[in-house]
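Values in this text are rule-based calculations from the coordinates and carry no lab data. Everything numeric here is computed off the predicted structure, so don't read it as measured data. Every residue, glycine among them, receives a Cβ derived from its backbone with ideal geometry; neighbour counts consider all protein chains shown.
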Amino acid sequence: MAPYSTEMLPAVVIYCAGSDDVISAVNFARSRDLLVAVRAGGHNVAGSSVCDGGVVIDLSRMKRIEVDPARRIARAEAGLSLGEFDAATQSHGLATTMGVNADTGIAGLTLGGGFGKLGRKYGLTCDNLTSVEIVTADGRLLRASATENADLFWGVRGGGGNFGIVTTFEYRLHPVGPMLLAGSVLHAYDHARDAMRFYRAFSSKASDELSLDAALVTAPSGERFFNISACYIGPVDDGERAVKPLRDYGTPVEDRIGPIPYVQLQSAGDANFPRGRRYYWKAQFMREITDQAIDMLLAAYATAPTGSLLVLQQVGGAIARVPIAETPYVNRDALYDCFPISIWDDPGDDAAHIRWARDLWDAMRPFSTGGVYANNLGDEGTDRVQAAYGENYPRLVALKSKYDPTNFFRLNQNIRPTL
Ligand SMILES: Cc1cc2nc3c(=O)[nH]c(=O)nc-3n(C[C@H](O)[C@H](O)[C@H](O)COP(=O)(O)OP(=O)(O)OC[C@H]3O[C@@H](n4cnc5c(N)ncnc54)[C@H](O)[C@@H]3O)c2cc1C
């Protein structure tokens with residue numbers, strides 16, 4: 001079990017074994033007017049899954065999962081990590097969109113939207129949600145789907161933990177792998193400007209099967225590189241053909257593209273984000289990567305502290321074809337999520353690392369859509385929560401006032417019950 005922070009001490013942590021425990025925990029906290037935090041995977045960098053002096057409703061022991069391979073459906077409890085979910089579904093050759101770090105919780109990820117390698121082919125995680133069981137602020141256990149409590153079902157597909165505690169998620173699955181073609185090519189920093197232009201052209205023409213992320217990175221030696229990572233959702237041979245232009249481009253200093261089991265790919269980033277280090281990032285969406293944006297990114301990365309990355313995560317594809325009104329998630333027309341990530345260890349370096357990421361974010365603002373992924377928000381205030389939900393925000397406020405009029409669930413990217 002991951003330890004709780006020593007800087008924040010809840011009055012009580014309630015480890016739930018199922019929905020009945022969650023109902024009791026909600027009723028207990030409400031009757032005593034206690035602050036409530038909800039913890040599933042405990043992975044959110046905003047730290048909203050813990051609170052000082054209040055109640056933490058901890059779902060991390062709720063790990064049942066049933067996979068129905070014939071109907072291609074998985075029913076999963078809220079305490080599962082992505083790694084546990086992927087392992088269970090891949091044992092049937094199936095998967096649905098999940099993130100890129102195996103110890104992220106499925107709960108927080110799904111409720112905020114959910115990006116991952118399958119996103120361009122099959123949509124966001126929340127686009128693959130078919131129903132939930134949810135405990136509301138008044139202690140009722142409701143089922144929400146397209147046909148039952150449809151308004152609530154709309155809200156949980158991107159609106160975060162604002163409307164209740166989801167105890168079980170039901171997902172649509174797709175045949176995936178088990179072997180896929182994936183990996184990355186690394187270019188010397190001297191060639192980064194041209195390689196970024198190539199990335200822009202290649203990624204903008206990519207099919208839904210091909211997902212291309214990019215990053216400016218620094219090796220432990222201090223040497224900088226431009227990295228392009230690719231993943232093809234389909235037969236490995238088709239993937240080889242699809243990524244050939246990437247492998248043929250320029251003179252990469254390293255080419256690590258090859259067949260890899262999907263489950264292994266899903267935990268390939270884990271080593272970069274161990275628990276216990278210090279992290280800060282600040283994200284915004286982009287519709288295109290202009291030449292000016294490339295120049296700005298390179299100039300800003302020149303001052304990056306060691307250990308910092310600048311990530312461009314490709315979205316689009318199937319994500320973009322879901323109508324905006326269908327779920328709370330509005331950033332459907334974005335093609336890249338752009339975010340600087342600072343990683344460090346010494347608390348004495350906090351200010352320098354946070355400043356660098358914020359300065360880079362500010363510099364990139366003119367190139368952004370103004371939108372942001374709710375799961376990439378820290379404690380950034382109501383304006384940024386509104387930016388995450390855009391035109392869907394008023395509908396979320398109305399839903400919040402129906403299901404949680406006292407804002408009982410408020411340690412989240414909070415939607416207040418009144419405008
Ligand atoms: C290293 C790293 C990599 C990441 N990669 C990705 C990625 O590839 N794709 C992506 O989409 N996101 C990614 N994220 C963001 C991730 O989706 C969010 O941090 C998400 O909130 C984590 O969910 P959790 O259950 O682990 O979080 P927790 O910290 O347990 O919960 C976060 C918040 O979600 C709400 N919540 C959680 N469970 C429930 C529930 N059952 N019912 C109601 N509310 C609930 C609560 O408000 C809680 O405060 C990444 C984050 C990190 C730190």
Put a dot 7 Å past each Cα toward the Cβ at ARG358 and ASP379; how far apart are the dots in nm? 1.3 nm
Under a point spin-label approximation (7 Å from Cα along Cα-to-Cβ), what is the ASP237-MET8 distance to one decimal in nm? 5.2 nm
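Under Stokes-Einstein, with the Kirkwood radius over Cα pairs standing in for Rh, what whole-number D in µm²/s applies to region 170-232 at 25 °C and 0.890 mPa s?
183 µm²/s
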Spatial extent of the chain: Rg and Dmax, with the Cα atoms as the point set, Å: 20.9, 65
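If each residue of separation counts as 0.36 nm, what is the full-extension length gain between LYS63 and GLU254 once their alpha-carbon separation is subtracted?
Answer, rounded to one decimal: 64.8 nm.
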At each listed q (0.12, 0.22, 0.24, 0.27 Å⁻¹), what is the log10 of I(q)/I(0) that the Debye formula gives for region 333-419 modelled as equal alpha-carbon point scatterers? -0.48, -1.08, -1.18, -1.36
Over 21 Å between C-alpha atoms is what I'm after, so list which of LYS205/LYS244; LYS205/LYS282; LYS117/LYS244 land there. LYS205/LYS282
Let me have the relative contact order for the chain, percent, based on Cα pairs under 8 Å that are six or more residues apart. 17 percent
Starting from the Cα of GLN292, step 7 Å along the direction of its Cβ; do the same at ALA398; then give the gap between the two resulting points in nm. 3.8 nm
Rounded to the nearest whole Å³, what is the per residue volume of the convex hull around the Cα atoms of region 30-101? 106 Å³
With just the Cα atoms defining each centre, how far is region 287-352 from region 111-179? Give it in Å. 25 Å
Asserting the computed 222 nm helical MRE of the chain (DSSP H runs at least 4 long, -39500 (n - 2.57) per run, divided by residue count, to nearest 500) equals -8000 deg cm²/dmol
Just the number, please: percent antiparallel of the DSSP beta bridges in the chain, rounded to the nearest 5. 90 percent
Counting just the Cα atoms, what span does region 109-152 cover along each of its three principal axes? Round to the nearest Å and put the largest first. 37, 20, 13
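Just order 292-304, 148-160 by mean Cβ neighbour count inside 10 Å, highest at the front, would you?
148-160, 292-304
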